[in-house]
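The values are calculated or read from the model by the stated rules, or taken from the named source; none is laboratory data. This structure is a prediction, so every number in the text was calculated from the model and none was measured. In this analysis, Cβ positions are derived from the backbone assuming ideal geometry, glycine residues included, and neighbour counts consider all displayed protein chains. For accessibility, only protein heavy atoms count, side chains too; no ligands or nucleic acids. Shrake-Rupley method; radii C 1.70, N 1.55, O 1.52, S 1.80 Å.
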Amino acid sequence: MSANVYKKEELYSMGKQRSFSGDAGEVAFLLGGIGTGNISVGARGELRDWEIFNKPAKGQVLPYSFFAIYVKEEGKTPVAKVIEAQCTQPFSESHGHNKGGVNGLPRFEKSTLRGEYPFVTVDFEDTELPVKVSLEAFTPFIPLNPEDSGIPCAILRYKVRNISPSSVDVTIAGSLMNAVGFKGFNPFGGLKIDDFTGNINEYRRTEKVSGIFMYSDAFSENDLRYGSMCLLTTDSNITSKLYNVEGGWWDGIHDYWDDFKEDGLLEENTEITRTDGKGNRIAFPRFGAVGVPCKLNPTEEKEFTFILTWHFPNRVKGWQEECNCSCCCVETVRNHYAVLFKNAWEVGKYVADNLQRLEAESRKFQKAFFESTLPDYVLEAVSSNITVLRSTTCFWLEDGTFLGWEGCFDDSGCCEGSCTHVWNYAQTLAFLFPSLERSMRSVEFLKETDETSKMAFRTRTVFDKPRWDFHPAADGQMGTIIRLYREWKLSGDNEFLKRMWPGAKKAMDFAFSYWDSDGDFVLDSQQHNTYDIEFYGPNSLVNSMFFGALKAMAEMAEAMGDSESASGYREALEKGSRRMDELLWGGEYYIQQIDDVNRYKYQYGKGCLSDQLLGQLLCHVAGLGYILPEDHVKKAVRSIFKYNFRTSFKDHHNVQRVYALNDEKGLLLCSWPHGGRPKLPFVYCDEVWTGIEYQVAAHLIYEGFVDEGLTIVKAVRERHDGYRRNPWNEVECGNHYARSMASWAVLTALTGFKSDMVNKKIYFSPKINRDNFATFWCSGTAWGTFEQKFNKDAGRFEYKINVLYGNLDGVDVVVDNVDVPCCPDER
């Protein structure tokens, strides 16, 4: 495959981030913090996918929860509309559009959404209105500050500008259902209301924020259903309705809309029935509303800031996500945010009191990241997959432990246990929130490495459950060692390494006895791996991970004062690497050595495996350098692109899962360019996974094949166009799949960034736009921007490093392996 799939100007474009029109039905931009759950904003500006109850819930509607505008121009009839673009096809639901989506109310004619994570903007168009309306929404996101990036909130700021020659009366109002006890819908689309007996709405106010606090007194504090919500505004002049009218059918929402569209002001409903004539509580869905009215003169503009918060602190203590019994007596564990905040009101007060700082630091990240000179689609690929950390794929427990599924079904997690052989690929968390990544290493080495030195590749002991009883994952166990090295270098924390060291030694030494049957330092026994099967015989996927682990262990052993072990690991690396190269080098790429490829099911033999040098890529990212002959590495990774990249799937034969089809482009997991395909090759071989595409793309760039690497990245993002797939959700075995966070390696490859806080150095080696280069960077102690420009008059490069958060005190900057002077830090 030639690299000339795209024109040069397409590969190196530095435009704005893409925009999506309201009919891009797959678009869903996630709001919410790390480990908090989410609300998403769709391309029409609608609030969708309410996933705030400690489990995934794609497609979940929260009834009567929306924002609306009232506009009255002098001398004209008032207009009231839901602040969303018109609903898009299809309209074929068995009982019409219901479920509280109020799809029958007037809406704006058009919308356009654009995201620069963590901010999303939606511009609305409507020729009937005398005002222009837009929405900007975000949840605070501050690298190296997980607590302030883990707030269960969404900040929505509507901006309204008067474009008429007359003054206009305007009200923006939000309506929110008290969802404590929410159980979903019955077959007719009506709410299941059994658990709504104790729902209470209260009006609360401070100097900086006011609105409605929603909770229930029906549940104990350790009940899964226990929780609270808030709908708040920073404006002091508000109109509100604590409760909807109680009645049958659609009485409540009917009354609310009639009240709102009359004059934009809300009247309180005082007729709240809590018990029947016998003193029994009545279960009834309750929602409240908060509005901000104002008058706008011609050309005047006003921002209306609302804060949605939620607090559902309890989750099942285990990988199960819900209780199937009627008494809800299951043992629970709390989310990390429950340690910081007592309820949703406390969340709202914190956000309001700190909004200026939280927003300013979030904007610093946005500006630093998106004002880079990297191609626009690269920035999109890297930033869009940050959402995995703040999706329901990940959660964060009260004791500080960070855990993750592989991905998520629409309504539950998928593939439990922070699976080591999947999370091997992910780089995003380690660079942006290294303390959380270190908690994952603590689980692996301190809890999941047993007395035989075998590491369970799915964690259960964190929930006091028996250890996962299955084959050890060779790639997973070796990868955790490379990642331990990465965490040590990013943090410079020798005490952390000291705590992990005994477990790391056990995990490393296990490989010699369990997977190396003949003692030649090339692993060849049964090797369970990320394809959910076992490889037999020597192969470069597992052995590149093994050699990377050996090189990491040698350096870490020296730091721990264990020179004898360091020497042993280096010897094993030297002999094993040389031997594997002799056994597996096929002239163009590395193969699997197996006498009869059909003796065992699910092998690949002479195939060109896209993951064949995953260990080498991880070594490049971690700063370990080469573990195999450089010339063979370069030729092999170039062959992966040559043989596995497809510009069309029209004639591709795939009976497995399908992630790319028709005229789309993508990278196959494996191909057999010279024949020898097994009768039953390894499962998934004919599929396309974005995580593997990103790791190969990054590796191509590290080896100097920049155009080829960029071609893969661009192909991935073309498939996620808002119509076929959500740009903020890369799917593999589930939504928001962890492996997609391999995209961060594309950033490190293009910038040449490495962080070595042990030796107090950070490194850059730009691969593109070298004469005028700018990038975001994040080490374990600080983040900011790096700039490199060529001064033609002076005939030399000039450098500038801006520290925007944290500090780099005593840290040297190295560019292209040369210590360089930089302009003083700008903060």
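Can you tell me which of (1) more than 30 Å from F188 (Cα to Cα); (2) surrounded by fewer than 21 Cβ atoms within 10 Å (Cβ to Cβ); (3) charged (D, E, K, R) is the one E93 doesn't meet?
For E93, the failing item is (1).
Which condition number in (1) of a type outside the set (D, E); (2) surrounded by fewer than 18 Cβ atoms within 10 Å (Cβ to Cβ); (3) in contact (Cβ under 8 Å) with a residue 24 or more places away in the chain; (4) at positive phi is the one that N237 fails?
(4)
Here are some residues: T139, T88. Which one is out of contact with any strand residue (DSSP E or B) (no Cβ under 8 Å at 6 or more places or on another chain) and of a type in the set (S, T, Y)? So that I can check it myself, show each step before the final result.
Working: T139 fails: out of contact with any strand residue (DSSP E or B) (no Cβ under 8 Å at 6 or more places or on another chain).
Just a single option satisfies the conditions, and that option is T88.
Which of the residues spanning region 768-827 are surrounded by 17 or more Cβ atoms within 10 Å (Cβ to Cβ) and assigned to a loop (DSSP other than H, G, I, E, B)?
I768, N769, S779, G780, T781, L808, V811, C822
Do we find that R44 is part of a strand (DSSP E or B), of a type outside the set (A, V, I, L, M) and open to solvent by 20 Å² or more (accessible area, probe 1.4 Å) in this structure?
No.
Which residue, of F219, F287, F182, is surrounded by 17 or more Cβ atoms within 10 Å (Cβ to Cβ), of a type in the set (F, W, Y), in contact with a Phe, Trp or Tyr (Cβ under 6 Å, 6 or more places away or on another chain) and closer than 21 Å to A154 by Cβ?
Being surrounded by 17 or more Cβ atoms within 10 Å (Cβ to Cβ), of a type in the set (F, W, Y), in contact with a Phe, Trp or Tyr (Cβ under 6 Å, 6 or more places away or on another chain) and closer than 21 Å to A154 by Cβ holds for just one of F219, F287, F182, which is F287.
Which of the following residues is farther than 19 Å from G101 by Cα, polar (S, T, N, Q) and within 20 Å of the chain's Cα centre (by Cα): T171, T197, T139?
T139
Looking at (1) farther than 19 Å from N4 by Cβ; (2) touching a residue at least 40 places away in the same chain (Cβ under 8 Å), which is the one condition that is false for E718?
Single failed check for E718: (1).
Mind checking which residues of region 456-471 are surrounded by fewer than 24 Cβ atoms within 10 Å (Cβ to Cβ) and in contact with a Phe, Trp or Tyr (Cβ under 9 Å, 6 or more places away or on another chain)?
Across region 456-471, the qualifying residues are R458, R460, T461, F463, K465, W468, F470, H471.
Okay, residues lined up against (1) part of a loop (DSSP other than H, G, I, E, B); (2) under 18 Å from A28 (Cβ atoms); (3) open to solvent by less than 10 Å² (accessible area, probe 1.4 Å); (4) among the acidic types (D, E):
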position: V122; (1), (2), (3), (4): no, yes, yes, no
position: D148; (1), (2), (3), (4): yes, no, no, yes
position: Y158; (1), (2), (3), (4): no, no, yes, no
position: P165; (1), (2), (3), (4): yes, no, no, no
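Of all helices (runs of 4 or more DSSP H) completely enclosed by region 536-650, which ones contain at least 1 residues that are of a type in the set (S, T, Y) and within 23 Å of R739 (Cα to Cα)?
Per the criteria, 540-559, 630-644.
Test each condition in (1) modelled with pLDDT of 95 or more; (2) open to solvent by 10 Å² or more (accessible area, probe 1.4 Å) for I52 and report the one that comes out false.
Going through the list (1) modelled with pLDDT of 95 or more; (2) open to solvent by 10 Å² or more (accessible area, probe 1.4 Å), I52 breaks only (2).
Of the residues T452, T480, which single one is assigned to a loop (DSSP other than H, G, I, E, B) and of a type outside the set (D, E, K, R)?
Matching residue, one of T452, T480: T452.
Only residues that are of a type outside the set (S, T, Y), open to solvent by 10 Å² or more (accessible area, probe 1.4 Å) and not in a strand (DSSP E or B): list them for region 190-199, please.
Listed by number, the residues that qualify are G190, K192, I193, D194, D195.
Take Y684 and tell me if it is crowded, with 24+ Cβ neighbours inside 10 Å, at pLDDT 95 or above and within 30 Å of the chain's Cα centre (by Cα). Before the answer, list the steps.
Values: crowded, with 24+ Cβ neighbours inside 10 Å: no; at pLDDT 95 or above: yes; within 30 Å of the chain's Cα centre (by Cα): yes.
No; evaluated as a whole, the condition is false for this residue.
Please state which of the following conditions C87 fails to meet, knowing it meets all the rest: (1) open to solvent by 20 Å² or more (accessible area, probe 1.4 Å); (2) part of a strand (DSSP E or B); (3) among the hydrophobic types (A, V, I, L, M, F, W, C).
(2)
Please specify each residue of region 696-748 satisfying the condition of being part of a helix (DSSP H, G or I) and either under 13 Å from the mean Cα position of the chain (by Cα) or hydroxyl-bearing (S, T, Y) (or both).
Y702, T711, A738, R739, S740, M741, A742, S743, W744, T748
Could you go through region 104-127 and let me know if any residue there is of a type in the set (D, E), at pLDDT below 95, in contact with a Ser or Thr (Cβ under 6 Å, 6 or more places away or on another chain) and within 22 Å of V168 (Cβ to Cβ).
No, region 104-127 contains no residue that is of a type in the set (D, E), at pLDDT below 95, in contact with a Ser or Thr (Cβ under 6 Å, 6 or more places away or on another chain) and within 22 Å of V168 (Cβ to Cβ).
Could you say which residue among K110, K99, K81 is out of contact with any Leu (no Cβ under 7 Å at 6 or more places or on another chain) and either free of Cβ contacts under 8 Å to residues at least 12 places away in the same chain or open to solvent by less than 60 Å² (accessible area, probe 1.4 Å) (or both)?
Going through K110, K99, K81 in turn, the sole match is K81.
Going by the conditions given, is R441 among the basic types (K, R), surrounded by 18 or more Cβ atoms within 10 Å (Cβ to Cβ) and outside any helix (DSSP H, G or I)? Outline the logic, then answer.
Details: among the basic types (K, R): yes; surrounded by 18 or more Cβ atoms within 10 Å (Cβ to Cβ): yes; outside any helix (DSSP H, G or I): no.
Answer is no for this residue.
Go through region 16-41 and give me each residue that's open to solvent by 30 Å² or more (accessible area, probe 1.4 Å) and in contact with a Pro (Cβ under 9 Å, 6 or more places away or on another chain).
R18, E26
Does S453 meet the test of being in contact with a Lys or Arg (Cβ under 8 Å, 6 or more places away or on another chain), among the hydroxyl-bearing types (S, T, Y), within 25 Å of F535 (Cα to Cα) and open to solvent by less than 50 Å² (accessible area, probe 1.4 Å)?
When the stated conditions are applied, S453 passes them.
How about region 621-647: which of its residues are out of contact with any strand residue (DSSP E or B) (no Cβ under 7 Å at 6 or more places or on another chain) and open to solvent by less than 30 Å² (accessible area, probe 1.4 Å)?
Of the residues in region 621-647, the ones out of contact with any strand residue (DSSP E or B) (no Cβ under 7 Å at 6 or more places or on another chain) are 621-622, 624-631, 633-635, 637-638, 641-642, 647.
Residues satisfying the conditions are V621, A622, L624, G625, I627, L628, V633, V637, F641.
Can G174 be described as over 26 Å from V382 (Cα atoms), assigned to a loop (DSSP other than H, G, I, E, B) and open to solvent by less than 10 Å² (accessible area, probe 1.4 Å)?
No; evaluated as a whole, the condition is false for this residue.
Filter region 62-84 for residues that are closer than 23 Å to E136 by Cβ and part of a loop (DSSP other than H, G, I, E, B) and give the result.
Result: L62, S65.
In region 648-661, is there at least one residue being closer than 23 Å to F521 by Cβ, over 27 Å from the mean Cα position of the chain (by Cα) and surrounded by fewer than 23 Cβ atoms within 10 Å (Cβ to Cβ)?
Initial filter on region 648-661 (closer than 23 Å to F521 by Cβ): none.
No, the conditions are met nowhere in region 648-661.
For region 130-145, give me the residue count where each residue is part of a loop (DSSP other than H, G, I, E, B), open to solvent by 10 Å² or more (accessible area, probe 1.4 Å) and at negative phi.
The number of residues fulfilling the criteria is 2.
Kindly check whether there is at least one residue in region 539-546 that is surrounded by fewer than 18 Cβ atoms within 10 Å (Cβ to Cβ), in contact with a Ser or Thr (Cβ under 9 Å, 6 or more places away or on another chain) and not hydrophobic (A, V, I, L, M, F, W, C).
Within region 539-546, none of the residues are surrounded by fewer than 18 Cβ atoms within 10 Å (Cβ to Cβ), in contact with a Ser or Thr (Cβ under 9 Å, 6 or more places away or on another chain) and not hydrophobic (A, V, I, L, M, F, W, C).
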